[in-house]
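Have a look at the structure below before the remarks.
The values are calculated or read from the model by the stated rules, or taken from the named source; none is laboratory data. Just so you know, these numbers come straight off a predicted model, no measurement behind them. Neighbour counts run over all protein chains shown; Cβ positions are idealised from the backbone, glycine included.
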Amino acid sequence: MIDKPKAGSTLSSSSHHAPLLRVSRPVSACSRCRSAKVKCDGKLPACTACERAGKAHECTGGSDQFARGKERSYMASLESRIERLEKRLKELDGERRRPQATNGSTEVDDEAVTIKQEFPKPAAPATRRQRKVDAGDIEELVADLGYMAINAVARDFYGFTNDLSYGHVALMASMVPGALDSKPRAKLPPRHTATQLVQHYFDKIFTTLPCLNEASFFGALESVYRDEDGASQFDVFCVYMVLAVGTMSLSRARDSLAAHNAACFVKTALQHADSVISPSEIRGVQATLLLVQYSMLEPAHFNSWYLIGIASRIMIDIGLHQELLESNKRRSSEMDLRRRIFYCVYALDRSISMVLQRPFTFSDDSVRVNLPRVEDPSLTANLYSRGTLTSMAAAVHLFKLRKLQSDFYQTLHLCGSDPHPAPLHYLHSHTEKLEDWRQSMPSTISQFTQDWLLLEWHYLNIYVAAPSPKIPRLSQAATSQIFNHATSYPIAFRAILKDPNNSRFVYTYHDALRTYFVGSTLLHALDAATWSEKELERAVDAVNATVFVLSTMIVRWPDAESLRDKFRSEAGRVIERMRERLVLEVWVWQQQQQQAQQQQAQQAQHQQAQQAGGHHQPAGQTVVTREMEQQARQQVRVVQQQQQQQQQQQQQQQQQNMGQMVGVQGLQGGQIDGIVHVSGLGGVSFYRYN
């Protein structure tokens, strides 16, 4: 480790207050520790083991290179060297300040001149501008330390070869083996086709994930179409990846032509990945983010969680997670792009980690970055000066939601399993934050984006109320909140998918995972409480809507079929238990009504007997026993069999002796069929699913 410089040294008197860096270094054991075969800490002038043994004067180096009187470590020798050079610098300063300097005293060794240039001792206070420049240089130096560590490790273990670059290693870890082997490399499509795909990307995807400089991208598009071979590799990579993401977002079937073309675009872009995905440049983060967007649309080719981890690590290495102290020395457009790129990584890391139920790549405690600016969309000049013509209102509003989402997930799932001291207060306070977020949604956001953001809002309201390690049990308030939002989510999603105006609605495989989570949480809430007739009707509609959404996604992602089938099976069991519970409640209500009538009759007889001078003991309340419950269930089964027979014989009959038949339209991929609504029992109703 680096020992702390002395108080009188130039390093300690620096006006920049640089943090003390602790660097691991090898230490040669002293002769005594080497012969005794004990660990030597290399402390100077004598190690700890020799000091404890009272042999400090015998502590010598283990080789001629570090003999007695010389330092045993490379860093210690450098410190001594710095002290000698600082002493020499003081002598030179003294000579320079003399009234008449002679040329004979200016001869200095090269090492002293170098140190003087790197660590000058100011003769007068530095100007404000000079201090600002120096502070910026220190910030850039600190930002480069992450890459220096990666560079050193890579050189020691792998070396810098074209066959094993950082980008190549990143792709090997995140790419599904053989996923693109059968795909040919694509060529640039006709210009008008590319324009439509690019416009679709910026209208539907870039509005919430603005990881590129829009003006620079359109310049790159012109450059690539003018001379693809002469364009930079980063420009070619970005153009092909934007074409791939835009094309894949339009695909509605796995074997569609759009999906095939998108895969071919990606294969062409990957030719430049080795030079583009760099751990030392901001473009490495941008390139990885484009791959993350594609992986969410096509999980069969890339692992999105690995890719967002790579993007997060590059982002941290170059310091995007920290706001620059002297940010005004950079252009505002450059600072805004840094913030947008960071929050794109942040938003995707939080979203992907939650849907896959995995930990975040970095914590909120390490983040010190302001949100990007939101300019007035009517002021085109301001938008263009920032490098983009797309309003950042939707993206910034999504970033705010992701910050709330991160807080929920870290508190409830990543902070141990000790029970939360105030679960109800936590639920109410964070539900209010989500409601404030919804109320503050900018009106300038398009209806398409608002619908998508509201789905996210429903999802987070469910997540914050769902059982977690910190709050394992559902309260009545949590159950009610889950019911309200878990029924609204699939119903709203179904309406979006059925709306012909939303034919280009962009959804990913992660939306299928969210839909399954929402449906499963709804079933858990339905099984944990008793619901009214109106609530049950809405729950049934939500169950069927969930089946519809998952069935629609099967065409695009075959893995969604297992989610649909599993949910449908779970829903059938829950609905059956709900039916039995409601049947029992109806029967108990009937028994209570009969008991009340009997008690009223007995009370009337008792009053008449008292008036006649007699005495009558009123009957006690009837207790519902297990045998009576089984008898009620048996009666229900008989009623069900009779209704099934009557339905087969008279399909057109609308009214039956036991109630009214209500048909439920079948849904794509299957549904919970045949709801029988039985009324006429004192206003109490129940449902049966055939």
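Among the residues that make up the stretch 246-255, is at least one of them closer than 26 Å to I554 by Cβ, out of contact with any helix residue (DSSP H, G or I) (no Cβ under 9 Å at 6 or more places or on another chain) and touching a residue at least 12 places away in the same chain (Cβ under 8 Å)? The answer is yes, given that some residue of the stretch 246-255 is closer than 26 Å to I554 by Cβ, out of contact with any helix residue (DSSP H, G or I) (no Cβ under 9 Å at 6 or more places or on another chain) and touching a residue at least 12 places away in the same chain (Cβ under 8 Å).
Taking F360 as the residue in question, decide whether it is crowded, with 22+ Cβ neighbours inside 10 Å, in contact with a helix residue (DSSP H, G or I) (Cβ under 7 Å, 6 or more places away or on another chain), more than 24 Å from T390 (Cβ to Cβ) and modelled with pLDDT of 90 or more. It is false that F360 is crowded, with 22+ Cβ neighbours inside 10 Å, in contact with a helix residue (DSSP H, G or I) (Cβ under 7 Å, 6 or more places away or on another chain), more than 24 Å from T390 (Cβ to Cβ) and modelled with pLDDT of 90 or more.
For R564, state whether it is among the charged types (D, E, K, R), crowded, with 21+ Cβ neighbours inside 10 Å and closer than 20 Å to T479 by Cα. No, not satisfied. Does the stretch 415-450 hold any residues that are touching a Lys or Arg at 6+ places or on another chain (Cβ under 7 Å) and part of a helix (DSSP H, G or I), and which are they? W437 - this is the single residue of the stretch 415-450 that is touching a Lys or Arg at 6+ places or on another chain (Cβ under 7 Å) and part of a helix (DSSP H, G or I).
In summary, F448 fulfils each of the numbered conditions (1) surrounded by 14 or more Cβ atoms within 10 Å (Cβ to Cβ); (2) under 24 Å from D349 (Cβ atoms) with the single exception of condition (2).
Has the stretch 534-550 got at least one residue that is aromatic (F, W, Y), within 27 Å of the chain's Cα centre (by Cα) and assigned by the TED database to the domain that holds T479? Yes, that holds for at least one residue. Would the stretch 374-390 turn up any residue that is modelled with pLDDT of 90 or more and either polar (S, T, N, Q) or not assigned by the TED database to the domain that holds L474 (or both)? The answer is no; no qualifying residue exists. Of all residues in the stretch 492-508, those that are closer than 21 Å to G246 by Cβ have Cβ atoms under 8 Å from Cβ atoms of residues that are among the β-branched types (V, I, T), 6 or more apart or on another chain, in L497/V549; L497/T552; N502/I496; F505/I496; V506/I205. The condition (being under 21 Å from R340 (Cα atoms), in contact with a helix residue (DSSP H, G or I) (Cβ under 8 Å, 6 or more places away or on another chain) and at pLDDT 95 or above) is satisfied by just one residue among L460, L454, L398: L398. Among the residues of the stretch 580-588, is any closer than 23 Å to R473 by Cβ and assigned to a helix (DSSP H, G or I)? Scanning the stretch 580-588 turns up at least one residue that is closer than 23 Å to R473 by Cβ and assigned to a helix (DSSP H, G or I).
To keep it simple, each residue is scored yes or no on (1) of a type in the set (S, T, N, Q); (2) crowded, with 16+ Cβ neighbours inside 10 Å; (3) at pLDDT 70 or above.
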{"site": "T10", "(1), (2), (3)": "yes, yes, no"}
{"site": "H16", "(1), (2), (3)": "no, no, no"}
{"site": "L20", "(1), (2), (3)": "no, no, no"}
{"site": "K37", "(1), (2), (3)": "no, no, yes"}
{"site": "G62", "(1), (2), (3)": "no, yes, no"}
